[in-house]
Amino acid sequence: MSTHEALLSRRRRTGWALGACGVVSCAVGATLQALRPSLPFDPRLVTGLGIVLVGLGVASLLRGGLPRPSGDAARRLGVEELDERNVAIRRLAGSRAFFVSAALTYVLLIWVSFASNGQLPTLSEDGLWWALAATFVIPLGVYLASVIHSQRVM
């Protein structure tokens, strides 16, 4: 098995493992929600973790070429994945996304700090949830937009 085929095979195995763990986590979360036990945490967190794991599994399967590619197709996918230009684009996009994530988190921390002193209004539970969700979703959007933009420009 070539290096490229091994890389794609490893990604497929990882994708199936993450997907299976995600499905199990979703089932456990749904069961906990249905049984309504008195837990010190919200059982929806377990379901949310399962959804994230399933998403990561699907992404890994797609990156590994879900339909098993032939020798030439596997080689092309592997070469494209390890291409220096593509690696540089992904690293640049990751750097931009990290900067945006750090900036959003810093702004949220400053807001909470000033709110605790009474200098800014306190965030409601829903407001805090949406702010935290934004600190997760916006950097993902920045990463994707940066990759797409850099692919066109470079």
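The values are calculated or read from the model by the stated rules, or taken from the named source; none is laboratory data. Please read these numbers as outputs of a predicted model, since none were measured by experiment. Reconstructed Cβ throughout: ideal geometry from the backbone, glycine too, with neighbour counts over all protein chains shown. Just the protein is used for accessible areas: all its heavy atoms, side chains included, with ligands, DNA and RNA removed. Shrake-Rupley method; radii C 1.70, N 1.55, O 1.52, S 1.80 Å.
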Restricting the range 1-56 to residues that are open to solvent by less than 80 Å² (accessible area, probe 1.4 Å) and not in a helix (DSSP H, G or I), which is farthest from residue 136 (Cα to Cα)? 2
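Quick one: would you say residue 128 is at pLDDT below 90 and surrounded by 13 or more Cβ atoms within 10 Å (Cβ to Cβ)? Steps first, please.
Numbers: at pLDDT below 90: yes; surrounded by 13 or more Cβ atoms within 10 Å (Cβ to Cβ): yes.
Here the answer is yes, as residue 128 does meet what is asked.
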Every residue from the range 78-91 that is closer than 20 Å to residue 144 by Cβ and modelled with pLDDT under 80: 80, 81, 83
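Go over the candidates 7, 56 one by one and state the one that is touching a helix residue (DSSP H, G or I) at 6+ places or on another chain (Cβ under 7 Å), modelled with pLDDT under 80 and among the aliphatic types (A, V, I, L, M).
Values: 56 fails: modelled with pLDDT under 80.
Among 7, 56, only 7 is touching a helix residue (DSSP H, G or I) at 6+ places or on another chain (Cβ under 7 Å), modelled with pLDDT under 80 and among the aliphatic types (A, V, I, L, M).
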Only one of 103, 145, 131 that is under 30 Å from residue 64 (Cα atoms) and within 20 Å of the chain's Cα centre (by Cα): 145
